[in-house]
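Structure first, commentary second.
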Amino acid sequence: MNEKRKLFIHGYKNGLPIGAGYFAVAVSLGIAARDYGFSALQGFLASLFTYASAGQYMAFNLYNVGGTLIQLIILTIIINARYILMGFALNQRMPEGTPLGTRMLVCTCITDEIFGITIARRGAPSPYYTFGALIAAVPLWALGTATGISMGNILPVSIVSALSVALFGMFIASIIPEGRKDKAILAAIFASFAFSYAFAKLPVISEISSGNRTILLTVLISSVFAALFPRTEGGSDEN
């Protein structure tokens with residue numbers, strides 16, 4: 001088995017638990033989409049080609065109130081602006097000589113969780129690992145949306161909510177192992193939790209959208225820890 005295929009299969013296996021969490025969250029999205037008049041096929045295709053939870057909630061609601069395409073584009077950029085930062089981070093760590101088309105394709109695969117497991121791997125990120133994770137996770141997201149549209153009322157709200165916790169557990173599982181290996185990363189993780197909670201409660205700042213708060217926190221915390229714990233190109237501490 002060649003290296004590219006091994007990486008793809010590895011990414012696919014790691015993407016399956018993410019997909020299971022996506023399925024549960026997408027059921028709730030599907031219930032909302034059904035209320036706005038979407039069919040199961042429309043919801044499936046929308047999720048298959050978009051795979052953005054907050055972005056899709058916004059898009060479905062905008063469709064319901066008769067919003068324009070320009071409004072949809074602008075709001076999507078604002079809500080998902082954090083993925084620009086994630087794309088920069090992945091692009092900087094990709095092997096030298098990676099074609100531009102491959103880099104752009106990897107950036108279209110980014111979700112919070114797929115970025116988390118891709119960036120957490122030692123060494124340069126592999127596009128094939130990311131592609132495998134996407135192929136495993138996104139169809140389950142789309143299927144969950146269609147399921148929510150078709151039979152969301154059959155599932156009690158408490159069960160849907162409980163299943164949705166699995167996605168957050170998966171995301172935590174992708175970052176904690178790195179924190180156990182590196183105290184600086186662990187400190188950054190806990191700082192992120194603490195400041196995220198504080199920003200959600202503080203006056204004025206709490207009125208900023210969650211996506212923009214995430215961008216602000218990402219830039220601030222990563223800048224502080226990059227200054228306090230600089231690393232060489234090889235990944236070791238400067239000192």
Discussion item. Looking at the range 28-49, I want the residues that are at pLDDT 90 or above and have a partner that is of a type in the set (K, R) with Cβ atoms under 9 Å, at least 6 apart or on another chain. Which pairs are those?
Written reply: A40/R34; G43/R34
Worksheet item: more than 23 Å from I110 (Cβ to Cβ) and at pLDDT below 85, is that true of G67?
Response: yes
Worksheet item: Would the range 129-150 turn up any residue that is in the same structural domain as F60 (by TED's automatic domain parsing), surrounded by fewer than 22 Cβ atoms within 10 Å (Cβ to Cβ), among the aliphatic types (A, V, I, L, M) and at pLDDT below 85?
Response: no
Practice prompt. Please enumerate the residues belonging to the range 185-204 that are surrounded by 14 or more Cβ atoms within 10 Å (Cβ to Cβ) and either over 24 Å from G55 (Cα atoms) or at pLDDT below 85 (or both).
Written response: I185, L186, A187, A188, I189, A191
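The values are calculated or read from the model by the stated rules, or taken from the named source; none is laboratory data. In this text the structure is predicted, and so the values were computed from the model without any measurement. Neighbour counts are summed over all protein chains in view; Cβ atoms, including those assigned to glycine, are modelled from backbone coordinates with ideal geometry.
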